Amino acid sequence: MDPRPILILFGSKHGQTEKVARRLEMALRERGFRVELVPDDGIPDDLRPERYAAVVVGSSVHFGRHRRALVSFVRRHAAELARVPGVFFSVSGAAMTARPEDVEEANGYLADFSVRTGWDPAHAVAVAGAVRYTAYNPLVRWVMKRISASRGLSVDTSRDHEYTDWEQVDGLAGTIAELALPASRASRDRPGRASVSPAPAPPAPASSAPASPARTAPAG
């Protein structure tokens with residue numbers, strides 16, 4: 001096992017993206033990996049992607065935009081990230097349904113992040129978030145109720161509603177582990193010895209993504 005840890009860098013507004021990040025951390029630790037979990041409001045100035053066996057970035061989407069601190073960090077370190085196995089997950093309300101227009105919107109956020117940062121990770125995936133009515137101010141609660149109604153989701157504002165597919169998240173942990181293991185094997189190769197071939201790349205998102213995704217309300 002590579003002595004370097006896996007970095008999970010996340011940005012979460014209402015807690016759902018953090019919950020996904022912590023689920024990934026737990027699953028990777030169970031597989032024997034060391035993991036560093038870093039929130040976007042506590043990124044050290046000396047954080048360098050090349051110090052890790054793999055880098056995972058996760059961001060919630062708020063009104064059509066990912067977390068600003070994550071976009072800035074990834075943009076600054078895009079060249080370094082290109083040399084490290086990387087995974088990006090985007091937590092949004094659009095990923096909560098299987099309607100074609102919502103799938104297209106959710107995948108659009110993945111493409112938008114790549115365009116804004118210049119980072120093309122080995123794997124990128126849209127993850128369904130949660131509708132936390134009890135955490136929203138009255139205006140956002142009203143907006144989210146209208147959006148939820150249009151998507152056929154619950155409009156019961158007296159409680160929160162979680163739509164995250166935890167089997168998908170556990171599968172994502174497996175993908176991260178597979179991406180990190182080739183780096184682990186390569187780090188043990190002696191100079192002049194051929195390194196072990198990396199695992200096959202995971203499949204691309206199911207649908208093509210538009211260049212400019214529509215705006216959506218908070219979900220993570």
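Throughout, read-outs are computed from the coordinates displayed, never taken from laboratory work. Computed from a prediction, not measured in an experiment: that's the story for all the values here. For neighbour counting, all protein chains shown are included, and Cβ atoms are generated from backbone atoms with ideal geometry for every residue, glycine included.
Go through segment 48-109 and name the chymotrypsin sites (Phe, Trp or Tyr not before Pro) that are in a DSSP coil and have 13 or fewer other Cβ atoms within 10 Å of their Cβ. Show your work: numbers first, answer last.
Numbers: sites: TYR52, PHE63, PHE73, PHE88, PHE89, TYR109; in loops: TYR52, PHE63.
In loop regions of segment 48-109 (DSSP not H, G, I, E or B), the sparsely surrounded chymotrypsin sites (Phe, Trp or Tyr not before Pro) are PHE63.
Sorting check: for 17-23, 161-167, which peptide has the highest mean count of neighbouring beta carbons within 10 Å, and how do the rest follow?
On the way: 17-23: 21.6, 161-167: 14.7.
Ranked from most to least packed, the peptides come out as 17-23, 161-167.
Evaluate the charge dipole of segment 1-80 about its Cα centre and quote only its size in Debye, nearest 20, assuming +1 on the Cβ of each Lys and Arg and -1 on the Cβ of each Asp and Glu.
Details: 15 positive and 11 negative charges, 57 e Å.
Charge dipole of segment 1-80: 280 debye, to the nearest 20.
Mind putting a number on the dipole of segment 1-140 about its Cα centre? Charges go on the C-beta only, +1 for Lys and Arg and -1 for Asp and Glu, and I need it in Debye to the nearest 20. List each step's numbers first, then the result.
Numbers: 19 positive and 17 negative charges, 49 e Å.
So the dipole magnitude of segment 1-140 works out to roughly 240 debye.
For segment 27-67 and segment 77-103, compute the distance between their C-alpha centroids and round to whole Å.
Centre-to-centre distance over Cα atoms comes out at 13 Å.
Does a label point 7 Å from the Cα of GLU167, set along Cα-to-beta-carbon, have any residues of segment 118-146 with amide nitrogen under 18 Å, and which are they?
126-129
So how do ILE147, ILE176, ILE43, ILE8 line up by other beta-carbon neighbours within 10 Å, fewest first? All intermediate terms of the calculation are to be shown ahead of the outcome.
Numbers: ILE147 18, ILE176 29, ILE43 15, ILE8 25.
Taking fewest neighbouring Cβ atoms as first place, the list is ILE43, ILE147, ILE8, ILE176.
Peptides 9-15, 151-157: what's the order by average Cβ count within 10 Å, highest mean first? Intermediate values should be presented prior to the final figure.
Details: 9-15: 22.0, 151-157: 14.7.
In decreasing order of mean packing, 9-15, 151-157 become 9-15, 151-157.
For a Förster distance of 30 Å, can you work out the FRET efficiency between the beta-carbons of ALA135 and ARG34, rounded to the nearest 0.05? Write out the running numbers ahead of the final one.
Working: r = 32 Å, r/R0 = 1.08.
Result of the calculation: an efficiency of 0.40.
Between ASP120 and ARG68, 0.36 nm times their residue separation minus their Cα-Cα distance comes to what? Please list the in-between numbers first.
Details: separation 52, 0.36 × 52 = 18.72 nm, distance 1.78 nm.
Extra length available between ASP120 and ARG68 comes to 16.9 nm.
Can you list which of the trypsin sites (Lys or Arg not before Pro) found in segment 62-143 are DSSP loop residues with at most 12 other C-beta atoms within 10 Å? Show your work: numbers first, answer last.
Working: sites: ARG65, ARG67, ARG68, ARG75, ARG76, ARG83, ARG116, ARG132, ARG141; in loops: ARG67, ARG83, ARG132.
For trypsin sites (Lys or Arg not before Pro) across segment 62-143 that sit outside H, G, I, E and B with at most 12 neighbouring Cβ atoms in 10 Å, the list reads ARG83.
Indicate the gyration tensor shape class of segment 1-133 (rounded, prolate or oblate), computed on the Cα atoms with a ≥ b ≥ c the square roots of the eigenvalues: a/c under 1.5 is rounded; otherwise a/b larger than b/c is prolate and the rest oblate.
Working: a/c = 1.71, a/b = 1.41, b/c = 1.22.
It is prolate, given that a/c is not under 1.5 and a/b is the larger ratio.
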